[in-house]
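All remarks here apply to the structure that follows.
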Amino acid sequence: MAESMSDNGKNKVEREIVLRMTDVCTYYGAIRALNKINIEIRKGEMVCLLGGNASGKSTTLKTILGYAPPREGTIEFLGTRTEKMQTKEIVGLGVSLVPENRRLFGRMSVLENLKMGAFLRNDDEIEADMEHLFTLFPRVKERLHQTAGTLSGGEQQMVAMSRALMARPKLLLMDEPSMGLAPIFVQTVFDIIQTISNEGTTIFMVEQNANMALSIADKGYVLQTGEIVLSGSAEALRTNPQMKKAYLGDV
Amino acid sequence: MTTIEKRATSDYRPKMRPSQIALYGFGILILVLLGWRIYNVVSVEQYPIQFWAIQSINGLVLGSVYALIALGYTLVYGILFMINFAHGEVVMLGGFAGYFALQLCIRWGWVAADAPFFQSWLAVLFPIAVGMIASLLVAMALERIAYRPLRGAQRLIPLISAIGASFFLQYSALLIFGVTPHNYQKPAVLTGAVSLGDSGVFISKTGLFIILASIVLMLILYILVQKTKIGRAMRAVAEDQEMASLMGVDVNRIIVFTFVIGGLLAGAGGVMLGYQNTVMRFNTGFIPGLKAFTAAVLGGIGNVPGAMIGAIILGELEALGPSLLGLPNEYKDVIAFSVLIFVLIFRPTGILGERLSRERA
Ligand SMILES: Nc1ncnc2c1ncn2[C@@H]1O[C@H](COP(=O)(O)OP(=O)(O)OP(=O)(O)O)[C@@H](O)[C@H]1O
Ligand SMILES: [Mg+2]
């Protein structure tokens, strides 16, 4: 797979590496969920991780975050080895997650959820960042004082993304942002993700919706039973015959 | 079409097993009998209205102390889903620490009837502060030694550890302080009573102080939990520990903080119990601890306003119940614990409970 094909006209080959996973293996007890995973994400890139159910996509994110620490291999985040670190330390380095199923703090208001996102920050730009987020997510501003648990699924997804962005992450992890959303809304969410990416946030996104993900990503990896079976630029993956057959629907 | 109809009918008629119907029937029967008994007693005994007013005020005083203690149970449960059965002993040790601080005040002449107003208040507040700090330390030690090593174990295991810790602390106190009761002496500002106009209703100054001080402490707690960053982190940990730690919250620190707050309130409660009952014993915390636990369950364990409401209700039931039922006053404990059993059977989630246990277990 050619690693450095032209990606939406952006040239990212020279940029610094944000995340590098080398030969990572993760186990749940005796079961190996990830087998010798190699992933590289550079600054400003949007990388997607594709794969069917139970292929290990969420596990990959948990491994990066130290929730399911790897048994073998190394993980480097902006030059720091993190594979033995605790979650809170890794989060402190600047990794944020938009989790599977949103997992907002359902009994808090939307505003409080956003403040939780900025928990580690002490600077005086929190308000300004919030205002900026409201331009991306006008709906979030409208619902600011509503209890988060009473929001619709789509609104919750937006709050979950805003919450993660409030941390000013150096790497934003997203686990299936399109899950459970109406098709028309999926498009909206992906447009917003594209905007966030264009603003310079480095994104690593797990998706089942391969077509959509590849349409906005720079690079992709395909997981199958814990192994990376395909990788390359989004364009290369879109046109790959194997890929077409297995994930994109051979039209 | 048929499935919709089926669903509609099954919604319309929730399934109730015969045993359940019998149980509820039994519950209603008991309530009716109690109501009948109360009607008879009240119409026969003809207590003056002042009596009921004074008893209600006593209930409020009692309820305030229970509330301070119950908050400790409910805060810890909200975060760890564990009943800190040693909490009553945290209260008792705070009470003893307050006792010794009070002895100092006596030596300094602050407790004497002719002590200046300011010193007299210091003699009230200094033991409370000392009691709060002592209880805070005990609560932190409990968390560290008895609970943290068991975190992640099955739910029953920390419970057993808590009961063990309760006995350990109680009998350590027996060894150290002996069986003889330690007498609390009231500073001048807490002696006597205030009468409310010429209605014939009065409230002891101690009682009034307990009510007001509890309100202040609970207001501070409310602001802390609802308005501050660490309070928000506490609520986040209570809702979803994993997500909270993904926001960078140090979950261990929050758990310790929760025990600290519970301990502070328990210490204040312990010293107030001392002023109210004027004695402190090695087992002084045990029954109030159980009562406060009952109050927390009554209000919905894990729910902060619930603990306050449950405590006031329980205090009132205890103060008014025996007279209403025409029973000797010693039956107040029977009434309190009957309420616990009643709640556990008929509404395990408590008054304000949100079915937490099932959702999150
Ligand atoms: N905590 C766990 N303990 C044991 N096995 C687990 C655990 N979490 C995940 N697994 C297993 O690891 C495998 C990969 O799970 P993972 O959640 O990473 O899949 P996924 O690719 O995210 O799937 P989906 O698209 O359904 O979310 C699955 O077989 C799953 O059952
Ligand atoms: Mg998943």
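The values are calculated or read from the model by the stated rules, or taken from the named source; none is laboratory data. Source: prediction; values computed, not measured. Don't worry about glycine lacking a Cβ; one is built from the backbone with ideal geometry, like all the others, and counts go over all protein chains shown.
For this structure, a couple of remarks:
- Restricting the range A:205-221 to residues that are away from ligand 1 (no atom under 16 Å from the Cβ) and closer than 25 Å to residue A:77 by Cα, the residue that is surrounded by the most Cβ atoms within 10 Å (Cβ to Cβ): A:217
- Count of residues meeting criterion [over 17 Å from residue A:216 (Cβ atoms), away from ligand 1 (no atom under 16 Å from the Cβ) and among the charged types (D, E, K, R)] in the range A:31-58: 2
- From the list A:167, A:213, A:160, the lone residue that is over 16 Å from residue A:41 (Cβ atoms), in a helix (DSSP H, G or I) and touching a residue at least 60 places away in the same chain (Cβ under 8 Å) is A:160.
- For beta carbons closer than 7 Å, sequence separation of 6+ or different chains, a first residue in the range A:54-81 that is touching a residue at least 60 places away in the same chain (Cβ under 8 Å) and at negative phi and a second that is away from ligand 2 (no atom under 13 Å from the Cβ) and polar (S, T, N, Q), the qualifying pairs are A:55/A:224; A:55/A:225; A:59/A:26; A:65/A:87.
- Within the range A:171-212, the residues that satisfy the criterion of being among the hydrophobic types (A, V, I, L, M, F, W, C), within 16 Å of ligand 2 (Cβ to nearest atom) and modelled with pLDDT of 90 or more are A:173, A:174, A:204, A:205, A:206.
- Within the range A:50-100, the set of residues being farther than 18 Å from residue A:18 by Cα and near ligand 2 (Cβ under 10 Å from one of its atoms) comprises A:51, A:53, A:54, A:55, A:56, A:57, A:58, A:59, A:99, A:100.
- Within the range B:91-120, tally of residues that are modelled with pLDDT under 90 and either aromatic (Phe, Trp, Tyr) or closer than 27 Å to residue B:165 by Cα (or both): 4
- The condition of being surrounded by 21 or more Cβ atoms within 10 Å (Cβ to Cβ) and among the hydrophobic types (A, V, I, L, M, F, W, C) holds for only one of B:136, B:150, B:122, that being B:136.
- Here B:83, B:57 are screened, and the one residue that is assigned to a helix (DSSP H, G or I) and surrounded by fewer than 23 Cβ atoms within 10 Å (Cβ to Cβ) is B:57.
- Here A:195, A:202 are screened, and the one residue that is away from ligand 1 (no atom under 13 Å from the Cβ), buried (at least 16 other Cβ atoms within 10 Å of the Cβ) and among the polar types (S, T, N, Q) is A:202.
- Test: residue A:144 is within 16 Å of ligand 1 (Cβ to nearest atom), in contact with a helix residue (DSSP H, G or I) (Cβ under 9 Å, 6 or more places away or on another chain) and not in a helix (DSSP H, G or I): no
- Complete set of residues in the range B:242-272 that are in a helix (DSSP H, G or I), buried (at least 24 other Cβ atoms within 10 Å of the Cβ) and within 14 Å of another protein chain (Cβ to nearest Cβ): B:244, B:246
- Among residues of the range A:76-101, those that are buried (at least 18 other Cβ atoms within 10 Å of the Cβ) and within 16 Å of ligand 1 (Cβ to nearest atom), counted: 4
- Filter result for residue B:237 (part of a loop (DSSP other than H, G, I, E, B) and within 11 Å of chain A (Cβ to nearest Cβ)): no
- Segments classed as helices (runs of 4 or more DSSP H), wholly inside the range A:42-131, with at least 2 members that are at the interface with chain B (Cβ under 9 Å from one of its Cβ atoms) and over 14 Å from the mean Cα position of the chain (by Cα): A:87-93, A:110-117
- Scan of the range B:86-100 for residues that are small (Gly, Ala, Ser) and either surrounded by fewer than 21 Cβ atoms within 10 Å (Cβ to Cβ) or in a loop (DSSP other than H, G, I, E, B) (or both), ordered by number: B:86
- Restricting the range B:187-219 to residues that are among the aliphatic types (A, V, I, L, M) and in contact with a Leu (Cβ under 8 Å, 6 or more places away or on another chain), the residue that is nearest to residue B:273 (Cα to Cα): B:211
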